[in-house]
Structure formats: structure tokens, C-alpha cells
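Structure record follows, encoded as C-alpha cells.
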Amino acid sequence: PLCLEEMMNNSDEVKRQKQQTWAAGDYARIGSRLVIVSEVLCETVDLRANHRVLDVATGHGNTALAAARRGCAVTGIDFTKPLLEHARQRAAAEHLQIDFQEGDVEDIPFPDEAFDIVLSTFGVMFAADQRKAAKELLRVCRAGGKIGLVNWTPTGANVAEDQAIGKYFPSPPDAPPNLWMTAEGLQELFRDQVASLQVKPRSVIYRFPSMEAYIDTAFTTFGPFMKMVQALSDDERARLKSDLADALRPFNQSGDETLVLPFDYIEAVATKRAQPTRP
């Protein structure tokens, strides 16, 4: 839940840098802790074994795998090759048939209404052109189909983490709000193209041996964090670690030396409006 403004820049060069950023490190060290989020989303969307499912910005495949475990015909797209390769390896290990392809959330490489269900877990919310990405989700979802999303929210530990980082990497003064992060923003993105929009606040718990273990893991394995700290001096890096620990400590629910840290998100399910019947 960080660096949203930087992620939402849309030049070709910035997109290339984003690919390199997400390919760096070992995303699974953080992403594996989000498996439960994907499983819950698939239950909320009420997947059926005959559904054609697209997982947008699939990363290393958490949500695509969850959908495939429910017997769906699943496709996952992402613009980062190493993450897709990891996703393929995970699918093979579980003997799941999933079609993983390179693809951009702002230019989804499939025809109109190709899928019954379109999902994205902490993925499409990082699109630079928010409205274009929303139109693409709607375009590839069939009339009457569902779009299921999981997005970070501007609340709780998310805000504390972002504020600590913002001391070193201030947000541009003209940065647009991330509409994916609130129910009101999602309604603005989808407008009258959806018949219903259900949004539920949830949280996912990060569990680590200590606060320091979480921060060290993020700094050394999570691409966006790694890129960020590389721009800092050793002294600045040490101060940022200390500032992050201070900011997040009030949210630690463990009561001991370990870390039990909730990060807030919203789970949203939109039903695409059915096409009007012709007389």
C-alpha cells in the first residue's frame, strides 16, 4: 500500500521501469501472505466451475490459482515476465490449467465480453490511466457478468506507512486521487455501466517474527520498496526504517515481540449492466 502516485505515471519509459521494479527481488515473500485475500474474493464472487475468469495484473498468480481451484477456465495477465513464470510454476505444481499471458491492464488483449468474471487483486489499482483501465475491465466482462476487485484503502496502517515514506518521497502536489481505493471512487469509475456495486471493508494480517523482520523483508525482497531505498543514503535508509517502525508500532496487535499487523482493503463486486433487450 505505497508509492501510488509514482505507479500512476503512464509514459512508455515509466511502464518499462515499472516492469523492472515489480520483477526485482522476490515478490512471493510478500505476495504469499495475500493468498487468503484471493480465496475470500473468489468465495464472495461466488465462482462456478463453468465460469470463464480473467485475473488482471495477476502477479505471481494468487487469484488465478484460487479461481482455478474452483474449476473455472482461467486466464491471467500481467506485464512482468518473471512474475508470470513464477505463476506458471505454481500452477504446474498444483496440476492446474491456467493460461498466463503478457498483457497490460489498460489494453487487455481479449475481445469484448470474453469473460464471465473479471478479477484483480491489488493490481488494476496501480494503473496509470484509471478510467481507461476501468473501461477495459468492463469491456472484456460479459453483460450481466461480475468484476471482483481487492484494493488497498487510505486508512489505518496503510496511511501510517505512506506518511512515513512520504517524508522521504513526497507526493506530487497535483497527484490525482486513486479512485480504486474507495466505494465512491469505484462508483465514479464504473458509473452507469454497472447494475450494482457491493463494497466491503476488510483487512489482511501480516505476521512476522518482529517489526524489524517485516521491514527488512520489504526492503530486500519487495520490488517497489527495493527501488525506493536504493535512492537513499545509508543514513536515510536507517532513518526510514526507524520511522516506519515508529509509525506502524501502534497498529501491531500481537501484544508481544512478534508482529500482527492489519492492512485495510476493500473487496468490491460490480455486476455489469445487462444490455437492454431489443423490441
Worksheet entry | Cα-based convex hull, the stretch 8-126, per residue volume (Å³, whole number) | 97
Worksheet, complete the sentence: To the nearest 10 degrees, the tilt of helix 130-140 (Cα long axis) against the first principal axis of the alpha carbons of the chain is 40
Worksheet item: In nanometres, what is the gap between the two model label sites at Val260 and Ala143, each 7 Å from Cα along Cα-to-Cβ?
Response: 5.0
Worksheet item: Mind checking which aspartates and glutamates have their C-alpha under 14 Å from Lys15, skipping anything on the same chain fewer than 8 residues away?
Response: Glu5, Glu6, Asp78, Glu102, Asp104, Glu106, Asp107, Asp129
Worksheet item: Between Gln198 and Arg69, what is the spin-label point distance in nm, taking each point 7 Å from the Cα along the Cα→C-beta axis?
Response: 2.1
Practice prompt. With everything on Cα atoms, drop me the angle between helix 81-93 and the longest principal axis of the chain, reported from 0 to 90° to the nearest 10.
Written response: 70
Item to complete: For every helix of n ≥ 4 consecutive DSSP H residues, a contribution of -39,500 (n - 2.57) applies; sum these over the chain, divide by its total residues, and give [θ] at 222 nm rounded to the nearest 500 deg cm²/dmol.
Response: -12000 deg cm²/dmol
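Rolling a 1.4 angstrom probe over the protein heavy atoms, how many square angstrom per residue are accessible across the chain? Display every interim value, and only then the final one.
On the way: 12880 Å² over 279 residues.
Result: 46 Å² of accessible area for each residue.
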Practice prompt. Arrange the peptides 61-73, 138-150 so that the one whose residues have, on average, the most other Cβ atoms within 10 Å appears first.
Written response: 61-73, 138-150
Discussion item. Output the 0 to 90 degree angle, nearest 10, between the alpha-carbon long axis of helix 12-23 and the longest principal axis computed from the alpha carbons of the chain.
Written reply: 70
Fill in: Rounded to 5, the percent of DSSP beta bridges in the chain classed as antiparallel
55
Discussion item. Quick check on the stretch 56-133: what does the Kirkwood estimate of hydrodynamic radius come out to from the alpha carbon pairs, in Å?
Written reply: 12.6
Worksheet entry | Hz values of 3J(HN,Hα) by residue in the stretch 65-72 - Karplus curve (6.51, -1.76, 1.60), Gly and Pro given as x | 5, 4, 5, 5, 5, 9, x, 6
Worksheet, complete the sentence: Per the 1/(1 + (r/R0)^6) rule, R0 = 25 Å and r from the Cβ atoms of Arg131 and Val159, FRET efficiency to 0.05 is 0.50
Response to the item:
Quick calc, Gln17 & Asp107: beta-carbon distance into FRET formula, R0 25 Å, rounding 0.05, result 0.90
Worksheet entry | Viscosity 0.890 mPa s, 25 °C: Kirkwood-radius Stokes-Einstein D of the chain over Cα pairs, µm²/s | 127
Item to complete: For a quick protection proxy, order the peptides 211-222, 238-249, 120-131 by their average other-Cβ count within 10 Å, most packed first.
Response: 120-131, 211-222, 238-249
Discussion item. Just to verify a number: what accessible area does Leu179 come out at with the full protein assembly present, 1.4 Å probe, Å² rounded to tens?
Written reply: 20
Worksheet, complete the sentence: Using alpha carbon positions and the Kirkwood radius, the Rg to Rh ratio of the stretch 194-251 is 1.16
Practice prompt. For Tyr27, Tyr265, give the ranking by accessible area with the largest first, probe 1.4 Å.
Written response: Tyr27, Tyr265
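The values are calculated or read from the model by the stated rules, or taken from the named source; none is laboratory data. These numbers were taken from a predicted model, which means no experiment stands behind them. Using ideal geometry, Cβ is built from the backbone for each residue, glycine included, and neighbour counts are taken over all protein chains shown. Side chains are part of the model used for accessible areas, which takes the heavy atoms of the whole protein and leaves out ligands, DNA and RNA. Shrake-Rupley method; radii C 1.70, N 1.55, O 1.52, S 1.80 Å.
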